């Protein structure tokens, strides 16, 4: 009984953090510094091993050499649900240039599967019901997005919702795609 109370409190805290983060980032985001926090030092992105919606084990290392937008979300996060259609559009426009969008859901498979199917998302969706990915990437609220370059280094992180159809974000990701191709 005690563990259920603790788990309930943890989920309540996550929901409250998500709401606070969403409100904090609700203002118009116009500058590069507001779109992504750029790491001050080069940091290798942690590798992940999670299961997809078909219950197949997936590893982040499988996408070596690609630019990865790793998006942490949950079905109970309203900001997250608004972002996913935008991420689908971004992925459709840039996947042939090497962008991979992976949506990592902090939910159970059944909830996520129904939502993804209803919205016809085609990018990879992984389940992180027990939080190993959240811990590896130090996710403190939803949505949180990490941008990983072709070399496997973290290029930036975004806390809170973003307009993924924003022309600046599109150009920034295209520049990372082009930069990494030239450097390899």
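Using the Cβ-Cβ distance between residue 92 and residue 130 with R0 set to 30 Å, the FRET efficiency from 1/(1 + (r/R0)^6) comes to roughly 0.45.
Residues 59, 150, ranked from the fewest to the most other C-beta atoms within 10 Å, line up as 59, 150. Report note on the peptides 169-176, 108-115: ranked by the mean count of other C-beta atoms within 10 Å, highest first, their order is 169-176, 108-115. Once the C-beta distance of residue 118 and residue 168 is scaled by a Förster radius of 25 Å, the resulting FRET efficiency is 0.25 to the nearest 0.05. Using the Cβ-Cβ distance between residue 38 and residue 64 with R0 = 25 Å, the FRET efficiency computed as 1/(1 + (r/R0)^6) comes to roughly 0.70. Considering only Cα atoms, the convex hull volume of region 115-184 works out to 124 Å³ per residue.
Values quoted throughout were computed directly from the atomic coordinates according to the rules given, and no laboratory measurement underlies them. Everything quoted here is computed from the prediction, not taken from an experiment. Don't worry about glycine lacking a Cβ; one is built from the backbone with ideal geometry, like all the others, and counts go over all protein chains shown.
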